[in-house]
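The values are calculated or read from the model by the stated rules, or taken from the named source; none is laboratory data. Being a predicted model, the structure only gives us computed values, none of them experimental. Quick reminder, even Gly has a Cβ in these numbers, built from the backbone with ideal geometry, and neighbours come from all protein chains shown. Only protein heavy atoms, including side chains, enter the accessible area calculation; ligands, DNA and RNA are left aside. Shrake-Rupley method; radii C 1.70, N 1.55, O 1.52, S 1.80 Å.
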Amino acid sequence: MRLDLRSEWRREALRTNLWLVPMLEVFGAVLLFVITVSVDRAAYHGAVKLPSWVISGTADASRQILTTIAAAVITVIGVVFSVVIVALTLASTQFGPRMLRNFMRDRGTQWTLGTFVATFVYSILALIAISPGPHGDFVPHVSITTTLILVVLDLAVLLYFIHHIAVQIQLPQVIASIAADVAKAIAAEAAPAPAGRRPERGLSAAELLARMAEQPGEVKATESGYLQYVRHSTLVRIATSTNSVIHLLQRPGHFLVNGRTMAVVWPAEAAPSVARALQRAHLSGPYRSLSQDISFGIDQLVEIAIRALSPAVNDTFTALTCIDWIGDSLREIALRWHPEQIHRDAQGYIRVITTQTTFDRLVQRAFEKVRQAAAGMPAVMIRQLDALTEILEQAPLPEQRTVLLEQAEMIRTLCLETVPEKADREDVLRRYDSLIRLADTLHT
């Protein structure tokens, strides 16, 4: 993995693992042991006097206590790890394999594993510290007392973990967490522009694209995988240093095929220099990420909804919950999501032109697959129309409303073709008519 990526991507990459937090806690346990054993050494040599509440005992008794604690803690670690594996297996089978990363990045699970591992390491260090000395056996009484305190803390953490994992595997919680990640990604793209508008100089984006079509300088992908992150500031510096313009043909979420054209450069003679430097500005891998790929979050919600509507699962209420959060996400996208497609240098010249998914495409991804899986299911159709109504009510642009009305019309057609019961059809059509009346009101 390249290390010259934006800090938010590094944070996301470091968060989605089960080793970083436990390792940090182990380092903390080692540091704590260094402090407590130093106090024990000072007390052993008579430099300090330990308070009465510190546990005292012989070396053999201390060894037995620490051995018992270490054995018990390592057993609980095995139990916690087994519970985590069961949760990951459940997530893979019930929610889809793409949900595994959501569970791996859960801080509660990471801190629980880390707390028990740190306690085990601390107890082993305290056990090793017991040794013969010039004034009799050295017994780290403060360290042993601290070990018992850590065991009590572990008990509290274990109770928390049982509650936490029981909450985390509930479908509404999983769906809400995905929607929260989408909201964060939307907010990142909706960040206000820096104060002071940059000057706009040079050719327009349309003129640059026309010249690229006449004399394209192609940059090929050097490895296969999903484009996960693009560092636009680095691309702007690359283009400025080579006095060129880069048009990215792929966006985060697209699958790059080794040897396929990833970007076009103008003038064409700058393409080799850009290709060599471009490796510093993007990251690809075997999976998609929400960092700059809003559609991935929508796809996750759609996947859960489709699984719920499948004949094998037949969980309509889960699908309805997904539709509610999909509608809320699209409402936020309509209001706040404004990704920058043109990036200029400090002098105002266009240096990078990116490819972004559109609101139209996001609406299609969000509703079409669910609608296709909901044939003959009026409850799902009604909930989709309700979601479209909520989005339509706040969508600021006429073209956004047009896309929403197209989806509503397709739901109406599906209802007429697949719902045999007249009363059910009338329920769906009433929701559709209400949406049309709202659209007419907004139009006027």
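Right, His343: within 21 Å of Ile186 (Cβ to Cβ) and assigned to a strand (DSSP E or B) or not? For His343, the condition - within 21 Å of Ile186 (Cβ to Cβ) and assigned to a strand (DSSP E or B) - is met. Scanning the range 26-51 for residues that are free of Cβ contacts under 8 Å to residues at least 12 places away in the same chain and within 25 Å of Phe120 (Cβ to Cβ) returns Phe27, Leu31, Val34, Ile35, Ser38. For the range 386-405, a tally of residues being open to solvent by 10 Å² or more (accessible area, probe 1.4 Å) and not in a helix (DSSP H, G or I) returns 2. Restricting the range 185-226 to residues that are among the basic types (Lys, Arg) and modelled with pLDDT of 80 or more leaves a set whose member that is farthest from Val352 (Cα to Cα) is Lys220.
Of the residues making up the range 243-253, those that are assigned to a loop (DSSP other than H, G, I, E, B), touching a strand residue (DSSP E or B) at 6+ places or on another chain (Cβ under 8 Å) and open to solvent by 20 Å² or more (accessible area, probe 1.4 Å) are Leu249, Arg251.
Where helices (runs of 4 or more DSSP H) sit wholly within the range 43-154, those with at least 2 residues that are modelled with pLDDT of 90 or more and either under 19 Å from Asn17 (Cα atoms) or of a type in the set (Lys, Arg) (or both) occupy 59-90, 107-129. For the range 321-339, does any single residue satisfy the condition of being within 18 Å of Leu248 (Cα to Cα) and within 23 Å of the chain's Cα centre (by Cα)? There is at least one residue in the range 321-339 that is within 18 Å of Leu248 (Cα to Cα) and within 23 Å of the chain's Cα centre (by Cα).
Being touching a Lys or Arg at 6+ places or on another chain (Cβ under 9 Å) and of a type in the set (Val, Ile, Thr) holds for only one residue in Ile130, Ile144, and it is Ile130.
Annotation note: Cβ proximity below 8 Å between a residue of the range 328-339 that is without any contact (Cβ under 8 Å) to a residue 24 or more places away in the chain and a residue that is among the hydroxyl-bearing types (Ser, Thr, Tyr) and open to solvent by less than 60 Å² (accessible area, probe 1.4 Å) (sequence gap 6+ or interchain) occurs for no pair.
Per the listing Ala408, Ala374, Ala439, Ala379, the residue uniquely more than 27 Å from the chain's Cα centre (by Cα), open to solvent by 40 Å² or more (accessible area, probe 1.4 Å) and small (Gly, Ala, Ser) is Ala379. Of the numbered conditions (1) assigned to a loop (DSSP other than H, G, I, E, B); (2) open to solvent by less than 40 Å² (accessible area, probe 1.4 Å), Pro311 fails exactly one; give the number of that condition. For Pro311, the exception is condition (2).
Are any of the residues in the range 95-105 open to solvent by less than 50 Å² (accessible area, probe 1.4 Å), under 28 Å from Val30 (Cα atoms) and either of a type in the set (Lys, Arg) or in contact with a His (Cβ under 8 Å, 6 or more places away or on another chain) (or both)? Scanning the range 95-105 turns up at least one residue that is open to solvent by less than 50 Å² (accessible area, probe 1.4 Å), under 28 Å from Val30 (Cα atoms) and either of a type in the set (Lys, Arg) or in contact with a His (Cβ under 8 Å, 6 or more places away or on another chain) (or both). Applying the set (1) on the phi > 0 side of the Ramachandran plot; (2) of a type outside the set (S, T, N, Q); (3) surrounded by fewer than 13 Cβ atoms within 10 Å (Cβ to Cβ) to Pro420 leaves exactly one unmet item: (1).
Filtering the range 126-149 to residues that are open to solvent by 50 Å² or more (accessible area, probe 1.4 Å) and not acidic (Asp, Glu) leaves Ile128, Pro132, Pro134, His135, Leu148, Ile149.
Residue pairs whose Cβ atoms lie under 7 Å apart, separated by 6 or more positions or on different chains, with the first residue in the range 277-296 and among the charged types (D, E, K, R) and the second assigned to a helix (DSSP H, G or I) and open to solvent by less than 10 Å² (accessible area, probe 1.4 Å), are Arg280/Thr234.
When the range 227-242 is limited to residues that are within 12 Å of Asp345 (Cβ to Cβ) and modelled with pLDDT under 85, the one that is least open to solvent (accessible area, probe 1.4 Å) turns out to be His232.
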